[in-house]
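Below is one structure, written out as structure tokens; comments come after it.
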Amino acid sequence: MATWLEGLYLVNRFLHSFPAATLHKRLLAHHADYDALHINLFEPVFTSALGLALAGGDVSGLTLCEAEREKLYMLFHPAKGRPTPHYDALLKKAVDRLCTALRLWDSATRRTLAAWAGALLPRLTAGSRQGFALLLPTL
């Protein structure tokens, strides 16, 4: 129970790092009726923020432009003959950048967000360009 409450506290702190209007805009892009549904509010926000951190964008706005989304697609789908990046190192660096931007300093938060970033990796590497657009929509 304590672990679950700690996770809930972390999710709450993470979501409160963004202005309410920014969260609302991002969640509307995820599902138009998000406020009437029982859905995970954290995942689409975290996915966008992590994507922006990976692309070198401004994580506070949660808005990926088309060029940032294309950069991410190419990062996770390298052209034939090009080496596959070291995804663990890329994700760790992105989580560090994200936590610094949001002033989430404690190591437990960084470890937990890094684990959640790692859990997204199969979806980032397996998706088609169209599927990637759904995972990381432009707003």
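Computed from the coordinates by the stated procedures, all read-outs in this text should not be read as laboratory data. As the structure is a computational prediction, the values presented were derived from the model and not from experiment. Note that we place each Cβ from the backbone using ideal geometry, even for glycine, and neighbour counts take in every protein chain shown.
By its C-alpha gyration tensor, with a ≥ b ≥ c as the square roots of the eigenvalues, how is the range 62-128 shaped: rounded for a/c under 1.5, else prolate for a/b larger than b/c, else oblate? Show your work: numbers first, answer last.
Working: a/c = 2.29, a/b = 1.65, b/c = 1.39.
Taking the square roots of the gyration eigenvalues as a ≥ b ≥ c, the range 62-128 is prolate.
Please give the charge dipole size of the range 13-130, origin at the Cα centre, charges +1 on K and R Cβ atoms and -1 on D and E Cβ atoms. Round to the nearest 20 debye.
In total the dipole reaches around 380 debye.
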Ignoring everything except DSSP H segments at least 4 long, calculate the 222 nm mean residue ellipticity for the chain; use -39,500 (n - 2.57) per segment, divide by total residues, nearest 500. -21500 deg cm²/dmol
Here the residues of the range 1-41 lying in the modelled label zone of D106, meaning backbone nitrogen under 17 Å from a point 7 Å along Cα-to-Cβ, are 1-17
Take the chain, drop everything but the C-alpha atoms, weight them equally and run the Debye formula without solvent; then report log10 I(q)/I(0) at 0.13, 0.21 Å⁻¹ to two decimals. -0.55, -1.41
Euclidean distance of C-alpha centroids, the range 45-99 and the range 102-122, integer Å: 14
